[in-house]
Amino acid sequence: MQIYINKAHILSEINNFKIVTNPLIEHYLSVIRDKKSSQEIFRNAVKKVSYALIYEASAFLPLKEKEIETPVQKTIVKTFDESNQVILAPILRAGMIFCQSAFEMLPFANVHHIGMYRNEQTLEPVWYYDKNQPILKDKSKVYVIILDPMLATGNSGNDAINNFISKGILEENITFMSLISSPEGVCNMHKKFPKVRIITSAYDKGLNTKGYIVPGLGDIGDRIYNT
Ligand code: URA
């Protein structure tokens, strides 16, 4: 049995939710979804989509102006304001596939690994690791991007968000970046944390009884790590 919820109804009520799409993303998603794609092809396709998601997930980062000199003349440019802190938070293990490209694009970020696995019976997250990073005193200057390719039930994502909020991070400074989202996950996260931005490249039909996204791509950890 599959549990679907009415997507049109949800989308009309949800702010802070963006589906990043274009023909290239659609093409790579078709490779990612195809069970015949090898692990190497799968990983490469996820990496390619991840860059597009990172651009979108970093749309809110604060900039400052500075003067530089081009070979032609002096000019004012905008650059990341390093008095702020960016934390990349991959949820292990699948989140690591996003982390490499996100860190490449945001080399000034700190990486905060979150270890969680899903209890297959309850579908609730079980924590096993929370690598604390020093966080700026002024929490209004701390921006967190949680990296988790599958927003399925939303339970792990919500736990991760809650964990950062308990450390004083502002809800509006948190972004959740996923490859594929389910209506249930988006709804669950948005209900609890309406100010968190959700960035994704696909919004699927729903979840099956095992908590897998349908049509989805299967178990992403198994497909990344050949397990
Ligand atoms: N985790 C996965 O790996 N796949 C899903 O479809 C949902 C959660």
Accessible area of segment 131-227 belonging to carbon and sulfur atoms, whole % at 1.4 Å probe: 52
Taking Cα pairs closer than 8 Å and at least 6 residues apart, the relative contact order of segment 82-140 in percent is 31
With the charge dipole of segment 1-139 built from beta-carbon charges (+1 for Lys and Arg, -1 for Asp and Glu) about the Cα centre, the Cα from Asn119, Ala52, Met105 projecting farthest to the positive end belongs to Asn119
From the residues Val186, Ile87, Tyr212, which one has its Cα farthest along the dipole of segment 79-227 in the positive direction, the dipole being from +1 and -1 charges on Cβ of Lys/Arg and Asp/Glu about the Cα centre? Val186
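At most 13 other C-beta atoms within 10 Å and a DSSP loop state: those are the exposed trypsin sites (Lys or Arg not before Pro) I care about. Give me the longest piece of the chain that has none.
Longest stretch, sites excluded: 37-130.
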In the P(r) worked out for segment 11-225, what percent of Cα pairs fall beyond 21 Å? 53
Would you look at the GNM of the chain, springs on alpha carbons closer than 10 Å, and say which of Leu123, Leu217, Leu24 moves the most? Leu24
Evaluate the relative contact order of segment 11-225 (contact order divided by residue number), counting alpha-carbon pairs under 8 angstrom at least 6 apart; express in whole percent. 22
Heavy-atom accessible area ranking, 1.4 Å probe, most first, across Glu65, Glu172: Glu65, Glu172
Whole number in Å², please: accessible area per residue of segment 11-225, 1.4 Å probe, ligands, DNA and RNA not counted. 48
Of every hundred units of 1.4 Å-probe accessible area on segment 26-102, the number belonging to carbon and sulfur atoms, as a percent, is 49
Order by accessible surface, 1.4 Å probe, largest leading, for residues His113, His190, His27 comes to His27, His113, His190
Mind putting a number on the dipole of the chain about its Cα centre? Charges go on the C-beta only, +1 for Lys and Arg and -1 for Asp and Glu, and I need it in Debye to the nearest 20. 100
Using a 10 angstrom cutoff on alpha carbons, build the Gaussian network for the chain and name the most mobile of Asn188, Asn155, Asn16. Asn16
Relative to the longest principal axis of the C-alpha atoms of the chain, give the angle of the C-alpha long axis of helix 39-57, reported between 0 and 90° and rounded to the nearest 10°. 50
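The values are calculated or read from the model by the stated rules, or taken from the named source; none is laboratory data. As the structure is a prediction and not an experimental result, all values here were calculated from the model. Don't worry about glycine lacking a Cβ; one is built from the backbone with ideal geometry, like all the others, and counts go over all protein chains shown. Keep in mind that these areas ignore ligands, DNA and RNA; they rest on the heavy atoms of the full protein, side chains included. Shrake-Rupley method; radii C 1.70, N 1.55, O 1.52, S 1.80 Å.
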